[in-house]
């Protein structure tokens with residue numbers, strides 16, 4: 001028996017469902033992640049339309065270039081979202097005042113997400129983001145890396161294992177604290193409010209899950225974009241310190257430079273948030289049925 005009799009989601013189901021959802025979301029939205037990363041690294045001549053950047057790269061470098069680093073992100077997203085959902089569910093359970101309603105205040109939900117972000121960044125996100133960003137950077141510059149493993153081996157030899165995997169750790173962790181806190185926290189708060197108000201007939205249904213996830217993704221992007229921009233700069237192929245990245249962004253574009261790539265990231269995260277939570281909710285339902 002994997003599903004719990006009290007109606008709560010068992011950790012094993014949260015882990016598997018989160019991994020499935022993360023893999024689906026990453027595979028579906030990766031070209032927009034590629035476009036956002038390119039804009040943050042090089043500016044792309046001030047272009048803000050993600051579709052234009054995707055089309056331009058496909059024309060000049062080939063469609064395959066849009067998926068450089070995709071396998072790394074898919075693997076990272078499977079691990080990241082598996083950890084996110086199981087850790088978030090566990091931390092929320094520690095703060096839940098009523099085990100039957102499982103309702104938390106908005107601040108408690110966000111704080112649970114922030115703690116989850118620290119765990120996810122340390123265990124999975126920073127290493128996978130470092131390799132993904134280095135691969136995207138290398139696709140335009142040196143073209144030295146033949147695969148994610150080859151990329152890791154070269155970076156480890158040139159920069160040491162710690163910098164090869166954990167460059168940009170501070171910025172990534174701050175981003176994950178904000179991202180996971182806002183995304184999971186606001187999503188959970190929306191669901192709790194909808195259940196309490198009775199305005200949504202099926203809170204766990206595909207349509208409601210997609211809508212809530214898209215809204216949570218929008219709020220998350222606007223609140224955490226500066227951390228994402230610094231993180232991307234810090235994780236390019238060459239070794240760059242966080243302070244150097246901040247100074248470079250200020251010198252290039254001023255304060256507004258910290259929001260470089262916001263439109264690109266919104267193009268992905270709105271869809272990604274909807275896909276992620278919808279896939280997770282549906283995966284949980286199927287797994288509970290299979291293992292009930």
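Table: residues versus (1) modelled with pLDDT of 80 or more; (2) under 19 Å from residue 277 (Cα atoms); (3) in a helix (DSSP H, G or I); (4) within 14 Å of the chain's Cα centre (by Cα).
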position: 5; (1), (2), (3), (4): no, no, no, no
position: 15; (1), (2), (3), (4): no, yes, yes, no
position: 24; (1), (2), (3), (4): yes, yes, yes, yes
position: 38; (1), (2), (3), (4): no, no, yes, no
> What's the number of the condition residue 289 fails, among (1) in contact with a helix residue (DSSP H, G or I) (Cβ under 7 Å, 6 or more places away or on another chain); (2) free of Cβ contacts under 8 Å to residues at least 24 places away in the same chain; (3) within 28 Å of residue 191 (Cβ to Cβ)?
Replying inline: (1)
> Looking at this structure, is residue 159 surrounded by 15 or more Cβ atoms within 10 Å (Cβ to Cβ), touching a residue at least 12 places away in the same chain (Cβ under 8 Å) and over 15 Å from the mean Cα position of the chain (by Cα)?
Replying inline: yes
> Which one of these does residue 196 not meet: (1) closer than 22 Å to residue 126 by Cβ; (2) surrounded by fewer than 20 Cβ atoms within 10 Å (Cβ to Cβ); (3) in contact (Cβ under 8 Å) with a residue 40 or more places away in the chain?
Replying inline: (1)
>> Condition (residue is touching a helix residue (DSSP H, G or I) at 6+ places or on another chain (Cβ under 7 Å), outside any helix (DSSP H, G or I) and either closer than 23 Å to residue 80 by Cβ or in contact (Cβ under 8 Å) with a residue 12 or more places away in the chain (or both)) applied to region 260-267: is it met by at least one residue?
In response: yes
> Does any residue of region 85-93 turn out to be surrounded by fewer than 16 Cβ atoms within 10 Å (Cβ to Cβ) and at pLDDT 80 or above?
Replying inline: yes
> Out of (1) in a helix (DSSP H, G or I); (2) surrounded by fewer than 23 Cβ atoms within 10 Å (Cβ to Cβ); (3) at pLDDT below 80, the odd one out for residue 98 is which?
Replying inline: (1)
> Since residue 125 meets every condition but one in (1) within 28 Å of residue 283 (Cβ to Cβ); (2) surrounded by fewer than 24 Cβ atoms within 10 Å (Cβ to Cβ), which condition does it not meet?
Replying inline: (2)
> Out of (1) in a helix (DSSP H, G or I); (2) at pLDDT below 85, the odd one out for residue 236 is which?
Replying inline: (1)
> Across region 239-259, what is the number of residues that are within 19 Å of residue 32 (Cα to Cα) and in a loop (DSSP other than H, G, I, E, B)?
Replying inline: 0
>> Being in a helix (DSSP H, G or I), modelled with pLDDT of 75 or more and surrounded by fewer than 20 Cβ atoms within 10 Å (Cβ to Cβ) is the requirement here; does residue 77 meet it?
In response: no
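Any residue at all in region 206-215 that's farther than 23 Å from residue 33 by Cβ, surrounded by fewer than 22 Cβ atoms within 10 Å (Cβ to Cβ) and in contact (Cβ under 8 Å) with a residue 24 or more places away in the chain?
Yes, region 206-215 contains a residue that is farther than 23 Å from residue 33 by Cβ, surrounded by fewer than 22 Cβ atoms within 10 Å (Cβ to Cβ) and in contact (Cβ under 8 Å) with a residue 24 or more places away in the chain.
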>> Quick check on region 164-178. Is at least one of its residues modelled with pLDDT under 85, surrounded by fewer than 24 Cβ atoms within 10 Å (Cβ to Cβ) and assigned to a helix (DSSP H, G or I)?
In response: yes
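Residue-by-condition table, conditions (1) touching a strand residue (DSSP E or B) at 6+ places or on another chain (Cβ under 9 Å); (2) more than 19 Å from residue 22 (Cα to Cα); (3) surrounded by 15 or more Cβ atoms within 10 Å (Cβ to Cβ); (4) modelled with pLDDT of 80 or more:
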{"position": "145", "(1), (2), (3), (4)": "no, yes, yes, yes"}
{"position": "185", "(1), (2), (3), (4)": "no, no, yes, no"}
{"position": "189", "(1), (2), (3), (4)": "no, yes, yes, yes"}
{"position": "241", "(1), (2), (3), (4)": "no, yes, no, no"}
{"position": "247", "(1), (2), (3), (4)": "no, yes, no, yes"}
> Applying the selection to region 204-233, what residues are over 17 Å from the mean Cα position of the chain (by Cα) and closer than 24 Å to residue 263 by Cβ?
Replying inline: 211
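The values are calculated or read from the model by the stated rules, or taken from the named source; none is laboratory data. Everything numeric here is computed off the predicted structure, so don't read it as measured data. Cβ atoms come from the backbone with ideal geometry, glycine included; neighbour counts cover every protein chain shown.
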